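The structure appears below as structure tokens.
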């Protein structure tokens, strides 16, 4: 459940379930919120699950499980994946070294399974694991003015850099940790972490104090992440081999064994995966002014087939009406060597024209670190 439901409701929020956790869907005009984030700055309450990992062997234990190097120094983090034996992604995560503990931020539905999995693998190591999701509030701050926003309300510290490093300070009287994100929305971004009991004051500070930040929900988040070409766990990552997504920022090809590494290495050594993630510009006009609660029937569903002539060459992973471009767009997994220009997707039983597009669809103030990259 969101930690500041009353404050969200005061802003006209509509809520929804995301991975078993209540989050804000939108505040009535998600397309206007998207433009505010693209042009200035916005803030969102994040719906993470959080694991706390303590003990002398904490860094070694987590490092041995995931696809990227876990930093040994306080104040640094990494983006990493946990894979199954076939190389499919079981979860993505951010791992931060907070001194005497690691904090692992996961999609909300993955925190409990990850805790059970890792707890079963602790043998003689000095490692203590627990679910700390209820202890923290996490708020994202994104937009070309995000640095100025953070600077206007953060005391006793400056905005951190580079990506996935953090600084400790205060906002009003609340102790906070401010993390430089890897820019999943294609704009400068930070995450502000606070104790759960301080979440109301921190949210109010981010929205109303210093440089104001427009509140936005996960409907806007999904649209902006699509425009930025950022693959997300619930749409593209779950069950997919990371090479297929070009998710190279989550992989360290030099580190030792982890579950699924053999598959990742084999695909890497082949030079290319069988499929890749691409952008599609879709025929038809998005109804950007439609009521936020009304489904947009002009968009294909996840899993809709992509056709080149009569041949199915892939499937849509998600589609949105882009307020920045004023047209419908989609991400899709297609055959790696696809170069056809005459494409189509199925929408409510009808075929709609589609055109391959370079990613990102929208160049914001920065590029997402998850932007697909392929090494031929």
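The values are calculated or read from the model by the stated rules, or taken from the named source; none is laboratory data. Not measured: the values here are computed from a predicted model. Every residue, glycine among them, receives a Cβ derived from its backbone with ideal geometry; neighbour counts consider all protein chains shown.
Among strands (runs of 3 or more DSSP E) entirely within the stretch 1-119, having at least 1 residues that are surrounded by fewer than 21 Cβ atoms within 10 Å (Cβ to Cβ) singles out 14-18, 21-26, 49-54, 76-83, 89-97, 101-106. If you go through the stretch 91-127 and pick out every residue that is free of Cβ contacts under 8 Å to residues at least 24 places away in the same chain and under 20 Å from the mean Cα position of the chain (by Cα), you end up with 1. Scanning the stretch 326-350 for residues that are over 11 Å from residue 282 (Cβ atoms) and surrounded by 13 or more Cβ atoms within 10 Å (Cβ to Cβ), we see that the one that is modelled with the lowest pLDDT is 340.
For the stretch 141-197, please list each of the strands (runs of 3 or more DSSP E) lying entirely inside it that holds at least 2 residues being touching a residue at least 40 places away in the same chain (Cβ under 8 Å), more than 21 Å from residue 78 (Cβ to Cβ) and in contact with a strand residue (DSSP E or B) (Cβ under 9 Å, 6 or more places away or on another chain). Lay out the reasoning, then the answer.
Numbers: elements: 166-171, 174-180, 189-195.
Once the strands (runs of 3 or more DSSP E) in the stretch 141-197 are filtered for at least 2 residues that are touching a residue at least 40 places away in the same chain (Cβ under 8 Å), more than 21 Å from residue 78 (Cβ to Cβ) and in contact with a strand residue (DSSP E or B) (Cβ under 9 Å, 6 or more places away or on another chain), what remains is 189-195.
State the number of residues belonging to the stretch 123-140 that are modelled with pLDDT of 95 or more and either closer than 18 Å to residue 61 by Cβ or part of a loop (DSSP other than H, G, I, E, B) (or both). Give the steps one after another, and end with the answer.
To start, the set of residues in the stretch 123-140 that are modelled with pLDDT of 95 or more comprises 126-140.
Now drop any that are not either closer than 18 Å to residue 61 by Cβ or part of a loop (DSSP other than H, G, I, E, B) (or both), which leaves 126-132.
Residues that pass the stated criteria total 7.
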